[in-house]
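The values are calculated or read from the model by the stated rules, or taken from the named source; none is laboratory data. Just so it is clear, the model here is predicted, and its values are computed rather than measured. Glycine also receives a Cβ, built like all others from the backbone with ideal geometry; neighbour counts cover every protein chain displayed.
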Amino acid sequence: MAEPDIVSALRQVLPEDCVLWAAEDRRPYECDALTVFRELPRVVALPRTEEDVRAVLTTCARLRVPVVARGSGTGLSGGATPHPCGVLLSLSRMSRILGIDPLARTARLQPGVRNLAVSEAVAVHGLYYAPDPSSQVACSIGGNVAENSGGVHCLKYGLTVHNVLAVRGYSMSGERLELGGAAPEAPGLDLLSLAIGSEGLLMVVTEVTVRLIPRPTCAQLVMASFATCTGRPMRSPR
Ligand SMILES: Cc1cc2nc3c(=O)[nH]c(=O)nc-3n(C[C@H](O)[C@H](O)[C@H](O)COP(=O)(O)OP(=O)(O)OC[C@H]3O[C@@H](n4cnc5c(N)ncnc54)[C@H](O)[C@@H]3O)c2cc1C
């Protein structure tokens, strides 16, 4: 399909400022943190609502145009590398915290919320969100779900898959999906675990419900020394 046709089809379903087609506007989206691979997407779509996301996906499915989802573009596996003939669907404008329930210790988030912003928002309740990739100042919850991300806290509290209760979104053909639920164990097949870590191939996530945990009352630094298998301390490198 020719570029102007995709642009005009998307402009029929999205506001004008949500569709980028000039080369200089598309350039910032040509790669994620795996910068060795670069592709200029045909078009960039910047939805603001779930309805916008659905409209992009159904339009692209009808036109048989591939879609690649993108959060903050910090991925190291090239998952957000654009398809040269496709639409790059950036979720960065959907960055609102939809609700915090301190009693249930849960939060409902749009996919573009930054990981660290969750812990900052719930700190007032003495809570935090455990999965802490080193990129947490920038990476998005939607990207974390797609990559099943984690950091040091995951040694104790598990990865994203252990800290997400539910996701909502759309299949690539625009069909609405709701996986998991507010309760810790949802009945039926565990499709939530299938979606988490699927690198955006199974669905585009538009809402995430995360589990929050109490902040520790104290944090203490522990130093460990390396030892050889003989039990003798190793010499430090020069
Ligand atoms: C300096 C640095 C440190 C890092 N440290 C860690 C670490 O400690 N632990 C770790 O796990 N990772 C780490 N990463 C990798 C990266 O930050 C994570 O994978 C992060 O989860 C990616 O989030 P993102 O929003 O940037 O996603 P993106 O890079 O934009 O996308 C990543 C994947 O998610 C998909 N995706 C994004 N949003 C959605 C959505 N809403 N719905 C469906 N699919 C979507 C994309 O299609 C792509 O496949 C690091 C990266 C950098 C650059």
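Pull out all pairs, ordered by first then second residue, where Cβ-Cβ is under 7 Å, the residues are six or more apart or on different chains, the first lies in segment 168-188 and is free of Cβ contacts under 8 Å to residues at least 60 places away in the same chain and on the phi > 0 side of the Ramachandran plot, and the second is in a loop (DSSP other than H, G, I, E, B) and small (Gly, Ala, Ser).
These pairs meet every condition: Gly180/Ala186.
Residues in segment 186-205: is at least one more than 25 Å from Pro47 (Cβ to Cβ) and either touching a strand residue (DSSP E or B) at 6+ places or on another chain (Cβ under 6 Å) or aliphatic (A, V, I, L, M) (or both)?
Pass one, segment 186-205, residues more than 25 Å from Pro47 (Cβ to Cβ): 186-190, 193.
Then drop every residue that is not either touching a strand residue (DSSP E or B) at 6+ places or on another chain (Cβ under 6 Å) or aliphatic (A, V, I, L, M) (or both), which leaves 186, 189.
Yes, because at least one residue in segment 186-205 is more than 25 Å from Pro47 (Cβ to Cβ) and either touching a strand residue (DSSP E or B) at 6+ places or on another chain (Cβ under 6 Å) or aliphatic (A, V, I, L, M) (or both).
Go through the residues of segment 123-135 one by one and say whether even a single one is touching a strand residue (DSSP E or B) at 6+ places or on another chain (Cβ under 8 Å), of a type in the set (A, V, I, L, M) and either within 12 Å of the ligand (Cβ to nearest atom) or at pLDDT below 95 (or both).
Of the residues in segment 123-135, the ones touching a strand residue (DSSP E or B) at 6+ places or on another chain (Cβ under 8 Å) are 125-130.
Retained after the next criterion (residues that are of a type in the set (A, V, I, L, M)): 127, 130.
Remaining after also requiring either within 12 Å of the ligand (Cβ to nearest atom) or at pLDDT below 95 (or both): none.
Within segment 123-135, none of the residues are touching a strand residue (DSSP E or B) at 6+ places or on another chain (Cβ under 8 Å), of a type in the set (A, V, I, L, M) and either within 12 Å of the ligand (Cβ to nearest atom) or at pLDDT below 95 (or both).
Restricting to segment 136-157, count the residues that are part of a helix (DSSP H, G or I) and more than 7 Å from the ligand (Cβ to nearest atom).
Going through segment 136-157 one residue at a time, the tally reaches 5.
Taking Ala69 as the residue in question, decide whether it is surrounded by 15 or more Cβ atoms within 10 Å (Cβ to Cβ), away from the ligand (no atom under 13 Å from the Cβ) and among the hydrophobic types (A, V, I, L, M, F, W, C).
No.
Scan Leu165, Leu127 and give me the residue that is of a type in the set (A, V, I, L, M), more than 20 Å from Ala80 (Cβ to Cβ) and touching a Leu at 6+ places or on another chain (Cβ under 7 Å).
Leu127
So which residues in segment 76-114 are touching a Phe, Trp or Tyr at 6+ places or on another chain (Cβ under 9 Å), crowded, with 17+ Cβ neighbours inside 10 Å and not hydrophobic (A, V, I, L, M, F, W, C)?
Hits for segment 76-114 are Thr81, Pro82, Ser90.
Against the conditions (1) within 14 Å of the ligand (Cβ to nearest atom); (2) surrounded by fewer than 24 Cβ atoms within 10 Å (Cβ to Cβ), where does Leu57 fall short? Just the number, please.
Leu57 satisfies every listed condition except (2).
Of the residues Arg62, Arg42, Arg48, which single one is away from the ligand (no atom under 12 Å from the Cβ) and in contact with an Asp or Glu (Cβ under 7 Å, 6 or more places away or on another chain)?
None of the other options fit; the residue is Arg42.
Taking segment 181-210 only, how many residues are surrounded by fewer than 16 Cβ atoms within 10 Å (Cβ to Cβ), outside any loop (DSSP other than H, G, I, E, B) and either assigned by TED's automatic domain parsing to the domain that holds Glu51 or of a type in the set (Gly, Ala, Ser) (or both)?
1
Within the set of pairs 6+ apart or on separate chains, which have a first residue in segment 122-140 that is assigned by TED's automatic domain parsing to the domain that holds Thr74 and within 22 Å of Leu155 (Cβ to Cβ), a second that is part of a loop (DSSP other than H, G, I, E, B) and away from the ligand (no atom under 16 Å from the Cβ), and C-beta atoms under 6 Å apart?
That search, which allows pairs on different chains as well, returns nothing.
Within the set of pairs 6+ apart or on separate chains, which have a first residue in segment 34-54 that is within 10 Å of Thr206 (Cα to Cα), a second that is of a type in the set (Val, Ile, Thr) and assigned to a loop (DSSP other than H, G, I, E, B), and C-beta atoms under 9 Å apart?
none
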